[in-house]
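**Student:** Provided herewith is a single structure, encoded as structure tokens, for subsequent inquiry.
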Amino acid sequence: MDLYVVVEPPELRERVSLDPGELSDLLAPGGPLSELHEAFEDRPGQREMLEIVTHQFNNGGVAIIEAGTGTGKSLAYLLPAAYWSRNNKERTVISTNTINLQEQLTIKDLPLVKALGGDVEWALVKGRGNYVSIRRALLAADAQRSLFEHDRSNEMAALLSWLEKTTDGSLSDLPFTPEPETWDEVRSDPDICLRSRCPHFQECHYQQSRRKAASAELLIVNHHMLFTDLAVRRATLNWTASAVLPSYNHIVLDEAHNIEDAATSHLGVEVTKRGLYRLLSRLERSGRGVLSAIYEQITTDSDQGRELQERIEMRVRPVLAQTRLKVEGF
Ligand code: SF4
């Protein structure tokens, strides 16, 4: 029998560890940061945090760090994240709660990280509804008289003129706040997107942002986007391929005191008084419902059947009535 190789097994990848001391020296007095930053001040807490984060990248696991204002925590996690991604080709997601922090990271901190040797590709990933759809905007401009209840001609004209100039195509780049009714008609929408069949696919700002994210090593997102991604992964049992976000190996949660709300809204189960009441009513209400249907199906020509009916009468119905009273009192 001849044996031959159909597909070579993937080579085991050796991870390249980071040197915490070397990274810490970048931020130390007399180091490169002090030469780059006019208002440099020594922050021992920042270096301590950087060493903890570096240790986590090297060894895996979870670190929970509480760092007060002025620690300089963004550089303390961005530098190890950037060096790790660059050396090991593994993607890291940086999740924040506020747009302000995302802007600080992308406008101020990441250029500094690049200047300090952490030259990686990064992408700010915003939710789809933040992006204009070129196709929808052009269609809405043509059909605006029948589409909108009020006159939106000035707004549509301003939007089309912005569309010719913008390189970003997202709401934060729009110099005015559009009426919700207008934005609803022009934003990118997954249900009506033509994707690769769209004549604007190549220049589409949303599609460009997703292509950029797919090739980036650092993704800057907000907590809601991260937990939307995690909810989709949990529902589809997909922990390795792309979901809402491209696949990633590490997560840094900044402003982590806000993750409870985001996690609850995307991964939690909501129980309302109305929902509970509806559930109880499905079981039994004025002699109807699932319980009564079961009761009627039970044949009483055996001891077992009679015992079952008695249990429903004596135990299940009283408990249901008590539960209903409790729910009403919530
Ligand atoms: S690709 Fe989709 S979102 Fe982009 S312009 Fe076309 S229809 Fe709109």
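**Student:** Go over the candidates Leu226, Leu230, Leu245 one by one and state the one that is in contact (Cβ under 8 Å) with a residue 12 or more places away in the chain, hydrophobic (A, V, I, L, M, F, W, C) and assigned to a loop (DSSP other than H, G, I, E, B).
**Tutor:** Of Leu226, Leu230, Leu245, the one residue that is in contact (Cβ under 8 Å) with a residue 12 or more places away in the chain, hydrophobic (A, V, I, L, M, F, W, C) and assigned to a loop (DSSP other than H, G, I, E, B) is Leu245.
**Student:** Considering only residues that are more than 9 Å from the ligand (Cβ to nearest atom) and of a type in the set (Phe, Trp, Tyr), look in segment 173-222 and name the one that is farthest from His250 (Cα to Cα).
**Tutor:** Phe176
**Student:** Any idea which of Asn258, Asn249 is touching an Asp or Glu at 6+ places or on another chain (Cβ under 6 Å), under 30 Å from Ile99 (Cα atoms) and surrounded by 11 or more Cβ atoms within 10 Å (Cβ to Cβ)?
**Tutor:** Result: Asn249 is the single residue among Asn258, Asn249 that is touching an Asp or Glu at 6+ places or on another chain (Cβ under 6 Å), under 30 Å from Ile99 (Cα atoms) and surrounded by 11 or more Cβ atoms within 10 Å (Cβ to Cβ).
**Student:** Considering each residue of segment 165-187, count those that are within 17 Å of Gln144 (Cα to Cα) and either touching a residue at least 24 places away in the same chain (Cβ under 8 Å) or outside the structural domain of Arg135 (by TED's automatic domain parsing) (or both), and give that number.
**Tutor:** 6
**Student:** I need every pair where a residue in segment 189-215 that is of a type in the set (D, E, K, R) has its Cβ under 6 Å from the Cβ of a residue that is more than 6 Å from the ligand (Cβ to nearest atom) and at pLDDT 95 or above, sequence separation at least 6 or different chains.
**Tutor:** Partner pairs satisfying both residue conditions: Lys212/Ala123.
**Student:** Against the conditions (1) under 26 Å from Thr106 (Cα atoms); (2) surrounded by fewer than 13 Cβ atoms within 10 Å (Cβ to Cβ), where does Ser302 fall short? Just the number, please.
**Tutor:** Result: Ser302 passes all but (1).
**Student:** Let me ask another. Residues that are touching a Pro at 6+ places or on another chain (Cβ under 8 Å), at pLDDT 95 or above and among the hydrophobic types (A, V, I, L, M, F, W, C): does segment 252-261 have at least one? Spell out how you get there, then give the answer.
**Tutor:** Step one: filter segment 252-261 for residues touching a Pro at 6+ places or on another chain (Cβ under 8 Å), giving none.
Within segment 252-261, not a single residue is touching a Pro at 6+ places or on another chain (Cβ under 8 Å), at pLDDT 95 or above and among the hydrophobic types (A, V, I, L, M, F, W, C).
**Student:** Where in segment 65-166 are there helices (runs of 4 or more DSSP H), lying wholly inside it, with at least 3 residues that are of a type in the set (Gly, Ala, Ser) and within 25 Å of Ser188 (Cβ to Cβ)?
**Tutor:** 134-142, 153-165
**Student:** Answer with yes or no whether Arg136 is in contact with a Ser or Thr (Cβ under 8 Å, 6 or more places away or on another chain) and more than 30 Å from Ser34 (Cβ to Cβ).
**Tutor:** Yes, satisfied.
The values are calculated or read from the model by the stated rules, or taken from the named source; none is laboratory data. All values reported here derive from a predicted model rather than from experimental measurement. A quick note on method: Cβ atoms are made from the backbone with ideal geometry, for glycine too, and the neighbour counts reach across all protein chains shown.
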